[in-house]
Each structure stands twice: as structure tokens, then as C-alpha cells.
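Worksheet for the structure shown next.
The values are calculated or read from the model by the stated rules, or taken from the named source; none is laboratory data. Source: prediction; values computed, not measured. When we count neighbours, we look across all protein chains shown, and the Cβ atoms used for this are built from the backbone with ideal geometry, even at glycine.
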Amino acid sequence: MEDAYLVLSKLTKTYPNQPRPAVRDVDIDVARGEFISLLGPSGCGKTTTLRMIAGLIVPTSGGIRVGRVDMTNRPVHKRDMGMVFQSYALFPHMSVGENVDFGLQMRRIPKSERRRRVAEALDMVHLTHLANRRVSQLSGGQAQRIALARALVIEPTVLLLDEPLSNLDAKLREELRVEIRRIQQETGITTVFVTHDQDEALAMSDRLVVMSEGRVEQVGEPWAVYETPRNRFVADFIGRTNLFDGLAVGRDDGLLRVAVEGLGTLSVRTPETGRTSVTVMVRPHRVQLEPVEQLANELKGRVVQSSYLGDVESVVVEVDGVRITAERTHSGRPLALGAEVRLGWGDTDAYVIPQ
Ligand SMILES: Nc1ncnc2c1ncn2[C@@H]1O[C@H](COP(=O)(O)OP(=O)(O)OP(=O)(O)O)[C@@H](O)[C@H]1O
Ligand SMILES: [Mg+2]
């Protein structure tokens, strides 16, 4: 990337006495002002990567650069990065204002400037009225806002967030999600956000980094990762999905014909892959139940599962031993178990996973 600001190159960490690296050859370029999320299942190396950026963990090999400065061997306090963790990690014996002020005091900033910057930071998280509170008297959401203010007040080069919302209830989490993104955009601060919540990552990020077993599986804009996953792992991890393994049996005019056991021959509009073994992905919201128009792929099956979620109804239909998940948004009364239904999707509603 031309305008890369935070650059991780071949970053690798093997913990003592461990057979395999927890993080392996991670290459990520983050542009200035970009919000990037590290996303992946538990244990895939997200926290380890973030802590190496912060300087809390020494990499086994590889490097970290911010702007033109090599950070790889710099101690934490000389990196000027802001960090927010899952647990609030505020100083319990200090007031809210003193917590936010702490980093400025450490940096020997003059008192009048400190006062102004603490006020600004508290204003940014909308908690000016709590400046004199003890931190033990804060709710979880308030404590995380203060942790954010404390990280931002030093005007860090990079903001690092490790699952800062995961201790909060669902509604508050969504609220703070919007809040963090607003503050990040207002301040233009380069941010790396760690989460295993894909909705959070999709909603907040400029780009996602999907990780698995210490490696980067895919980097891209949320829509691109969702619509065009590079491999089976990413397709399965991001969003709900149907995956059908089959054999490419023919091709004409941009249309690939794929034979799938139980489903017959599917039609997918796709560029030439040159492969015979292929996996076809169809997202549940692309599957139409009782379609009114003619579709390139039409099947008949029986409803074996139905979950009514209010805004959407998730239905599993079994077609000759193959289970297909569909989502209906125009619900009304949910489909009955055992009901026979027609279902289908167009040739552009499916996608062939490249590897
Ligand atoms: N101090 C350590 N010593 C040895 N192994 C460790 C240490 N810390 C983490 N690991 C291992 O390294 C791997 C990556 O851990 P890491 O904490 O980075 O994962 P994560 O993606 O943040 O997971 P989670 O979503 O559960 O927070 C895991 O297999 C973990 O068991
Ligand atoms: Mg973690």
C-alpha cells in the first residue's frame, strides 16, 4: 500500500515451549486514519498481534513500523499508542478526571494544557458531568468510555482496542459501536480493533483482517470479504452461509454448471476457475422460498427447521438429504415444519469459492 502508516511485516510470535507460532508471518498495512478490525475465532492470535503492536509482547521475528519509524524494539511508553482492553483497567483509587489526566502527567504536560485536554477528551465521550466521580461508581459502559478518553487524551499515533465492548450487554454494545466509530472519524486516528464478533467488525471497519490459527486468511472491505470470500474458512466464518461441494461438469457463456449430490446440476455465473472440484456459496438471504419468477436454480424440499426472529425468518429446507438455509423477510406466519416448499436462486446469487 502506497500510503501505509502502520505496517506489520512478517510478524511472528512463538511463545516459550510452544510447538507452533501463535502468530505467523502476518503482513498488514494500515493507512493513516483507517479503522481496521482483526477478526477470527478464539485463539487465532488477535490479542497476540495487537500486543506486539503495542510493545507488550516482543515478536519472535518480523517488524512493526509507524510512519517512517521502526517500532519493533521500542519500549511501550515510547510508542505513544493508546490502548483499551476488554476489562476496564482504570485506576480504582483515582477519580474519572484523574484517570484521564494520568497519561498527560506522565508526559510532563503543563497543567493548563492538561486541564484543557482532559476536558476535551471527556467531552468527546459525553461524560464531562462525571469528571469528579470515583471510577468504582461507574457503569460498565461509562467505564469503557473513560478508558477510551484516557487512551485518546495523549493524542496517540495509533489506537489499539482489544474487545472493548465484550463485557457490555447487547444494546449498549451497539450504542458504543457507533460512538467509537464517530470519535475515530472525528479524530481521524488510525485504529486497530480486535473482536470475534463479526457483526461488530462488519459494521465498524474500513477493512477487515480475517485470521485463523495465527495466519491472515483475507484482508478487504467488509462487503468484499462477505460477498467474495477467498476460501472456505472465510466463507463459513463471516455471515451465515450455504456451501455446496460439487464437480464442474460444463460451461457455456459465463455460466458454470456444477453437479452437487442431491441437488442435481447448479448454474453459477462466474469467471473461469479451471478447477473441477468446486465449492458453491449461496447466502441464505439470496435463497427465495416459493419464488414467483423463474430462476436458474429451482428445487423442491421439506421444511425441517424454522426460527422466527421477528425481522427475519430463518428456514432450513431439506432437499434430497441436503440442508439449505433460507431467510424470509416478508414473514407473517412462519412456515410449518414438514411443509413442502419450492426454493431457488438466480445464477448471480451464487459464488464459487476460489480455493
Ligand atoms: N502467554 C502465553 N503463553 C503461551 N501461549 C499463549 C500465551 N498467550 C496466548 N497463547 C496462545 O496463543 C494463541 C493465540 O492467543 P491470543 O490470545 O492471541 O488469541 P485471540 O485471538 O486473542 O483469542 P480470544 O478471541 O480468545 O481472545 C492461543 O493458542 C493461546 O493459547
Ligand atoms: Mg484475545
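Results for (1) at positive phi; (2) within 16 Å of ligand 1 (Cβ to nearest atom), shown as yes or no for each residue.
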site	(1), (2)
Ser112	no, no
Ala119	no, no
Ala131	no, no
Val135	no, no
Ser139	no, no
Arg145	no, no
Ala151	no, no
Glu155	yes, no
Leu165	no, yes
Residue under question is Ala131, and the condition is that it be crowded, with 19+ Cβ neighbours inside 10 Å and either more than 22 Å from Gln86 (Cα to Cα) or without any contact (Cβ under 8 Å) to a residue 60 or more places away in the chain (or both); does it hold?
no
Sole miss for Val194 among (1) within 16 Å of ligand 2 (Cβ to nearest atom); (2) more than 22 Å from Arg79 (Cα to Cα) is condition (2)
- prompt: Would you call Asp236 of a type outside the set (A, V, I, L, M, F, W, C), closer than 19 Å to Leu299 by Cα and under 31 Å from the mean Cα position of the chain (by Cα)?
  reply: no
**Prompt:** Quick check, is Arg328 outside the structural domain of Leu208 (by TED's automatic domain parsing), surrounded by 14 or more Cβ atoms within 10 Å (Cβ to Cβ) and touching a strand residue (DSSP E or B) at 6+ places or on another chain (Cβ under 7 Å)?
**Reply:** yes
Among the residues of segment 322-355, the number that are within 20 Å of Asp236 (Cβ to Cβ) and either at pLDDT below 95 or in contact with a Pro (Cβ under 7 Å, 6 or more places away or on another chain) (or both) is 6
Scanning segment 199-221 for residues that are farther than 20 Å from Leu8 by Cβ and not hydrophobic (A, V, I, L, M, F, W, C), the one surrounded by the most Cβ atoms within 10 Å (Cβ to Cβ) turns out to be Glu200
task: Kindly indicate whether any position in segment 46-57 is away from ligand 2 (no atom under 16 Å from the Cβ) and either touching a residue at least 24 places away in the same chain (Cβ under 8 Å) or among the hydrophobic types (A, V, I, L, M, F, W, C) (or both).
output: yes
Within segment 309-325, the residues that are part of a loop (DSSP other than H, G, I, E, B) and either surrounded by 14 or more Cβ atoms within 10 Å (Cβ to Cβ) or among the basic types (Lys, Arg) (or both) are Val312
